[in-house]
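Participant: What follows is a single structure, and I will ask about it in a moment.
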Amino acid sequence: MRYEDDLRCVNEWSFLADDLRLYLDTHPGDAHAFAALKNALYERRAAVDAFEKAHGALTADAMAGAQTYDWVERPFPFE
């Protein structure tokens, strides 16, 4: 169950960051929204790092620091 919880956390922070980016496209002067976006991006990065530490690479970007190519040996996030 932890896998699903960790992935849900990444998805929630990702959704919030995307939503805030869309809002800021039409309201670029909203300092409160910009601060919220920066926080969401920070929390998303932390959630991705925690996910990858516990379950392996979430995106191909994580393979840059890998010792072996085990991307295809793990379940994909959508499975």
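Participant: Quick check on the range 26-40: of everything there that is touching a Phe, Trp or Tyr at 6+ places or on another chain (Cβ under 8 Å) and closer than 25 Å to residue 7 by Cα, which residue is surrounded by the most Cβ atoms within 10 Å (Cβ to Cβ)?
Facilitator: Out of the qualifying residues, it is 40.
Participant: Can you name the residue in the range 54-66 that is open to solvent by 40 Å² or more (accessible area, probe 1.4 Å) and part of a loop (DSSP other than H, G, I, E, B) and, of all such residues, is modelled with the highest pLDDT?
Facilitator: The residue in question is 59.
Per-residue answers, yes or no, for (1) without any contact (Cβ under 8 Å) to a residue 24 or more places away in the chain; (2) touching a Pro at 6+ places or on another chain (Cβ under 6 Å); (3) assigned to a helix (DSSP H, G or I); (4) aliphatic (A, V, I, L, M):
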residue	(1), (2), (3), (4)
5	yes, no, yes, no
18	yes, no, yes, no
28	yes, no, no, no
35	yes, no, yes, yes
40	no, no, yes, yes
52	yes, no, yes, no
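Participant: Still on this structure, I have one more. For the list (1) assigned to a helix (DSSP H, G or I); (2) open to solvent by 90 Å² or more (accessible area, probe 1.4 Å), I need the number of the one condition that residue 69 fails.
Facilitator: Against the list (1) assigned to a helix (DSSP H, G or I); (2) open to solvent by 90 Å² or more (accessible area, probe 1.4 Å), residue 69 comes up short only on (1).
The values are calculated or read from the model by the stated rules, or taken from the named source; none is laboratory data. All figures in this text were calculated on a predicted structure; none of them were measured in a lab. With ideal geometry, Cβ positions are generated from the backbone for all residues, glycine too; neighbour counts draw on all protein chains shown. These accessible areas exclude ligands, DNA and RNA; they are computed on the full protein's heavy atoms, side chains included. Shrake-Rupley method; radii C 1.70, N 1.55, O 1.52, S 1.80 Å.
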